[in-house]
Amino acid sequence: MPNLKQAEKALRQSIVHATRNKKVRDELDQLLTKMRKLVTAKKIDEAKDLMKTLDQKLDKAITKHVMKANTVSRVKSRTMAKINALKK
């Protein structure tokens with residue numbers, strides 16, 4: 001346990017931030033698995049609609065410092081590549 005007052009506060013803050021970040025990551029994981037299922041089922045229109053919401057959530061994760069920008073751009077790029085491969 002922390003001995004100093006500011007260390008106690010830092011511990012409380014880190015717990016709050018960790019739970020908030022976990023919720024966001026879990027939601028993003030669920031959206032990504034939905035996207036993968038739509039791509040394997042070859043449902044292009046639904047995948048495009050889901051991609052719009054996924055983009056918004058990923059951008060929000062960057063602004064809230066939940067995920068790094070390069071990670072988000074890699075995820076976006078790979079999912080869009082899978083969707084575009086279905087068109088062909």
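Per-structure values
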read-out: Options Ala61, Ala18; residue that is among the aliphatic types (A, V, I, L, M), without any contact (Cβ under 8 Å) to a residue 24 or more places away in the chain and over 19 Å from Asn84 (Cα atoms); value: Ala18
read-out: Residue check, Lys68 modelled with pLDDT under 95 and in contact with a helix residue (DSSP H, G or I) (Cβ under 8 Å, 6 or more places away or on another chain); value: no
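The values are calculated or read from the model by the stated rules, or taken from the named source; none is laboratory data. All figures in this text were calculated on a predicted structure; none of them were measured in a lab. Note that we place each Cβ from the backbone using ideal geometry, even for glycine, and neighbour counts take in every protein chain shown.
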